[in-house]
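Chemist: To start, I am sharing the structure in question, which I have written as structure tokens.
The values are calculated or read from the model by the stated rules, or taken from the named source; none is laboratory data. Everything quoted here is computed from the prediction, not taken from an experiment. Here the Cβ is made from the backbone with ideal geometry for all residues, glycine too, and neighbour counts use every protein chain on show. Ligands, DNA and RNA are stripped out before the accessible areas are found, and what is left, the full protein with its side chains, is counted by its heavy atoms. Shrake-Rupley method; radii C 1.70, N 1.55, O 1.52, S 1.80 Å.
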Amino acid sequence: MPNHATHFIILDTEGRDTVNEIAMLDAQGNLLFEGFVQGHEVGHDLYPLAELLQRFTVYAAKKKIVCHYAEHDEQVLRRSFATAGLTWPDCSFICTWEAAKNSFPGLPSYSLEYLSKSLHLKVKQRYFNTDAAHSARYDALFTFQLYRKMKQIDKRGTNPFSNTRVDSPFQRHADLDDIHHDAFLRLTNLLDEIKADSNQQSQGAVVLGVAGNGKTHLMMRLAQRTLKRNRLFFVRQPNHEEAVFYHIYSRILESFIEQIPDTEYSQLEYLLGCSFAKIVIKTLENRAKPSKKGLKILQSLSQDPLNIYNVLGKEGTKTKRSNWDYIERETLQWWQKEHGFSDYASKIVVGLIRYCRYSDPKKKELVRRWLAGHQLLESEIQAVRLHNWQEKVSQEEFVLEKELSQEECVLEKELSREEFALQAMVVFGKLSVEDEPLIIVFDQLEGLKYNEKLLVCFGEAVKEMFTHVPNCLMLFNLFPDRWRFFQQIFDASVIERMGQHQIPLEMPSKEVMKKMLDLKLAEVELDHASLFEPEELEVILSYHSIRGVLNCAADYYRYKVEGVPLPTNTLGFEARVDRTLQELRQEIAVLRQHLDLKPNNKPGDSTINPEVDNYIQQKREQLTTAYTKKHIISDTDDLGKLLLILDAVRPLYGFQLDYLRLGKRKLPEHVVIDHQQNKERKDQGDRPQKAVVAFLHADAFAFASRIKNFNQLVVQHKDIGFALFRDTREPKITGKVSKGEVEKLNNTENGRFIYMDRSQRIHFELIYQIISDIQNHDLHAELDQVMPLLGETIGKDFWLFRAIGYY
């Protein structure tokens, strides 16, 4: 990308009719040329007029020429060229005298002297000196300072450093190859090794780096450079120890819908199209006498595997149905021969083929929901020609089945979501062998340190994936100290597979970071040398993480361009000490939680931190934008998020956690928040001492049976407040029995059925994300700082705040 910040020079001339003296500076304010005309001056750097003008022509070629009162300089130069008998070059001038009227309206004067003094401009730490003025070099140097100041003013509101955090590999940010270049090469080499391995064994690599040092940014580069060849999945920290496989699989499905750059296809369409096409090609090429239809399909797919989507017939035609029936039959025969037919795998392969064959977005969405393990209505199942996944009906619940409508009924067969999720990932791995290795990125794992049981379950799940899912590069982004902690918890087999390769990310050199600053500043046609003073640059580069450098640069940009005072902690060393103290306080808060000690101060005692408030607002905007994307919503994931929040804030509000049971019957995923030991809560006589928060996103019979069981609990525990949430993006409740149970719940004095709408979902995710970011050291703040800010942003009447006792 060209650096537009270098496409100008600063010029000043002296002379009334023709040039006597000239000085030119480059875009960084460095002297390019200074010369005097023979006969007018005595001393060094004397040139004949023609030679001096030829020097001007060389330096000014293809550049904007910046002058103060440019009309005078242009007139003098034109007369000089005519006097010397030279052709006037094609030049374009920028006048700082005219531009200053827009940048600083209403001033009594726009002379270079007045502007330099009123704006406190300095050259070599000295203010404008009237006695030294009207030297071409001197005036050019102050013209440069004036032009730089005006460019800063013109760029207000477009801070190039304000959005530097990479939250997902599928985002796009400025990327400098010099940063972590060797680490990137190691990752691509590992992909080549997996591709070349005849056994297609998966490999693991731990990417080690401190917070803000570019781990996720490196994954973004990997995605941008490899998505046209490899499929990349982004998996954040799991939340529920009983649903780790399903969590990973759900995040893979969400990553699958990301678009391949510069194509019309998603990752899933790319993988399946290429894999199925190559399977059919391989099958037909090995056949002695393929049919005419087979030969036609072979020719089409050999030209381009993605022709599987667009040359096999139009939607709804007999030709397309016939061709896809042929592909489905050939693919299933190949799968049976190569891998056999397990209970889940064969159905998943059929579902994937159906996903490919349908171009109707509604049918594709139905298949995607089916692939997520959801049950579809009978009419929906018939539309996509699949069979529903089933869940076991207990003896206690079986009688309910007779009451259900046809669309709510299911057969008595159990779906193990964990087993199903693992088998689905195995299918993706085996299909990728026909295409390219998969990349699975595990990120934001640092919070697992605070839930050792979940951490152990995650390690066991990863071990199973290494054993059963082929052709994958599994990457684990971790802080070095977290990896050391994980090694104390995991058994040797997990450590060996995860840490097969270790890739440390060191802090780039200061020279490389200067390049990064320039890359960002190019967006506003500036560079670091023209914007920051040497002592300011020294402070900026003193941080020990990439994010720290860029955040500090953002503070200085606001200060110099927008006039916003620098934060009190933007002092290099002091900032790092303050951040370290915050991290220590977080660790102490966790220890107090484990020891069941109450905090020293109450939420709301801390002074509001504008930086934290700004972080919360930015995160809220991101979640608002992401809401419209396709998400796999599950009861276990939502409960896991809620438990992470509750475990984090429990020391602040003094409640305990528990669960309810109803024999062996299945209940919605839930937690009991118990304030009985909290004296302050007891004084609030109008508030229940216990509250149950539950989630029920299930479909059909599973919904009907579980809400019926939930209602029994509501009736049995009248002293407890019950809230049952269902996301509005999930299918509407249509069955007669289900709707009746919802009505029953809402008619109780202590229970409510709540549709989690857009606002509630964003606020719930915001609280979870902010606390998760604190645990992952992406946000350096304390919970007692954060809770008042979240309360102001969301509103203190939000259901979660009321449940935990935040008033």
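Chemist: Can D647 be described as modelled with pLDDT under 95, in contact with a Phe, Trp or Tyr (Cβ under 8 Å, 6 or more places away or on another chain) and open to solvent by 40 Å² or more (accessible area, probe 1.4 Å)?
Modeler: yes
Chemist: Let me ask something else about it. Does any residue of segment 770-789 turn out to be over 29 Å from K449 (Cβ atoms), open to solvent by 20 Å² or more (accessible area, probe 1.4 Å) and either small (G, A, S) or in contact with a Ser or Thr (Cβ under 6 Å, 6 or more places away or on another chain) (or both)?
Modeler: Checked segment 770-789: no residue is over 29 Å from K449 (Cβ atoms), open to solvent by 20 Å² or more (accessible area, probe 1.4 Å) and either small (G, A, S) or in contact with a Ser or Thr (Cβ under 6 Å, 6 or more places away or on another chain) (or both).
Chemist: A further question follows. Just checking, which of L422, L454, L445 is of a type outside the set (D, E) and within 23 Å of the chain's Cα centre (by Cα)?
Modeler: L445
Chemist: What tally of residues in segment 170-182 results from selecting those that are out of contact with any Leu (no Cβ under 6 Å at 6 or more places or on another chain) and either open to solvent by less than 80 Å² (accessible area, probe 1.4 Å) or not in a loop (DSSP other than H, G, I, E, B) (or both)?
Modeler: Summing the residues that are out of contact with any Leu (no Cβ under 6 Å at 6 or more places or on another chain) and either open to solvent by less than 80 Å² (accessible area, probe 1.4 Å) or not in a loop (DSSP other than H, G, I, E, B) (or both) in segment 170-182 gives 9.
Chemist: While we're here: Can you pull out the residues in segment 787-797 that are outside any helix (DSSP H, G or I) and either closer than 18 Å to K619 by Cα or touching a Gly at 6+ places or on another chain (Cβ under 7 Å) (or both)?
Modeler: G795
Chemist: To continue, here is another question. Have a look at R137, R186 and point out the one that is open to solvent by 70 Å² or more (accessible area, probe 1.4 Å), in a helix (DSSP H, G or I) and in contact with a His (Cβ under 9 Å, 6 or more places away or on another chain).
Modeler: Testing whether each residue is open to solvent by 70 Å² or more (accessible area, probe 1.4 Å), in a helix (DSSP H, G or I) and in contact with a His (Cβ under 9 Å, 6 or more places away or on another chain) leaves just R186.
Chemist: Search segment 717-746 for residues being charged (D, E, K, R) and open to solvent by 50 Å² or more (accessible area, probe 1.4 Å), and hand back the single one that is farthest from I804 (Cα to Cα).
Modeler: The selected residue is K736.
Chemist: Take the residues in segment 189-203 that are crowded, with 19+ Cβ neighbours inside 10 Å and of a type in the set (A, V, I, L, M, F, W, C); name whichever of them is farthest from K520 (Cα to Cα).
Modeler: I194
Chemist: Could I ask something else about it? Does F420 satisfy being of a type in the set (F, W, Y), modelled with pLDDT under 95 and open to solvent by less than 10 Å² (accessible area, probe 1.4 Å)?
Modeler: Against the criterion (of a type in the set (F, W, Y), modelled with pLDDT under 95 and open to solvent by less than 10 Å² (accessible area, probe 1.4 Å)), F420 qualifies.
Chemist: Report whether or not K117 is basic (K, R), surrounded by fewer than 21 Cβ atoms within 10 Å (Cβ to Cβ) and within 42 Å of the chain's Cα centre (by Cα).
Modeler: No: the conditions fail for K117.
Chemist: Here's another thing I want to ask about it. Name every residue in segment 68-79 that is open to solvent by less than 40 Å² (accessible area, probe 1.4 Å) and either touching a Phe, Trp or Tyr at 6+ places or on another chain (Cβ under 9 Å) or among the aromatic types (F, W, Y) (or both), in order of residue number.
Modeler: Passing the criteria: H68, A70, D73, L77.
Okay, residues lined up against (1) among the aliphatic types (A, V, I, L, M); (2) modelled with pLDDT of 55 or more; (3) open to solvent by 30 Å² or more (accessible area, probe 1.4 Å):
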| position | (1), (2), (3) |
| --- | --- |
| H594 | no, no, yes |
| P599 | no, no, yes |
| I608 | yes, yes, yes |
| A626 | yes, yes, yes |
| D637 | no, yes, no |
| G640 | no, yes, no |
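Chemist: Looking at this structure, is L271 among the aliphatic types (A, V, I, L, M), closer than 26 Å to Q336 by Cβ, out of contact with any Ser or Thr (no Cβ under 6 Å at 6 or more places or on another chain) and modelled with pLDDT of 85 or more?
Modeler: When the stated conditions are applied, L271 passes them.
Chemist: Given (1) over 19 Å from E14 (Cβ atoms); (2) crowded, with 17+ Cβ neighbours inside 10 Å, identify the lone condition not met by C95.
Modeler: If we test C95 against (1) over 19 Å from E14 (Cβ atoms); (2) crowded, with 17+ Cβ neighbours inside 10 Å, just (1) comes out false.
Chemist: Is it true that S162 is closer than 30 Å to K124 by Cα, in contact with a helix residue (DSSP H, G or I) (Cβ under 8 Å, 6 or more places away or on another chain) and in a loop (DSSP other than H, G, I, E, B)?
Modeler: Spelling it out, S162 is indeed closer than 30 Å to K124 by Cα, in contact with a helix residue (DSSP H, G or I) (Cβ under 8 Å, 6 or more places away or on another chain) and in a loop (DSSP other than H, G, I, E, B).
Chemist: Would you call S322 out of contact with any Ser or Thr (no Cβ under 9 Å at 6 or more places or on another chain), open to solvent by 60 Å² or more (accessible area, probe 1.4 Å), assigned to a helix (DSSP H, G or I) and in contact (Cβ under 8 Å) with a residue 12 or more places away in the chain?
Modeler: No, not satisfied.
Chemist: From the list R706, R752, which residue is open to solvent by 10 Å² or more (accessible area, probe 1.4 Å) and closer than 18 Å to N388 by Cβ?
Modeler: R706
Chemist: Suppose we filter Q75, Q152, Q125 for residues that are of a type in the set (S, T, N, Q) and in contact (Cβ under 8 Å) with a residue 40 or more places away in the chain; which single one remains?
Modeler: So the residue among Q75, Q152, Q125 that is of a type in the set (S, T, N, Q) and in contact (Cβ under 8 Å) with a residue 40 or more places away in the chain is Q152.
Chemist: Can you tell me which residues in segment 140-159 are of a type outside the set (V, I, T), part of a loop (DSSP other than H, G, I, E, B) and modelled with pLDDT under 80?
Modeler: K155, R156, G157
Chemist: A follow-up question, please. Out of all the residues in segment 218-225, is one or more open to solvent by 10 Å² or more (accessible area, probe 1.4 Å) and more than 21 Å from the chain's Cα centre (by Cα)?
Modeler: no
Chemist: If you take just the helices (runs of 4 or more DSSP H) that sit entirely in segment 424-531, which of them hold at least 1 residues that are acidic (D, E)?
Modeler: Filter on segment 424-531 gives 452-468, 480-489, 492-498, 510-521.
Chemist: Additional query: In this structure, is N213 under 18 Å from the mean Cα position of the chain (by Cα), at pLDDT below 95 and assigned to a loop (DSSP other than H, G, I, E, B)?
Modeler: yes
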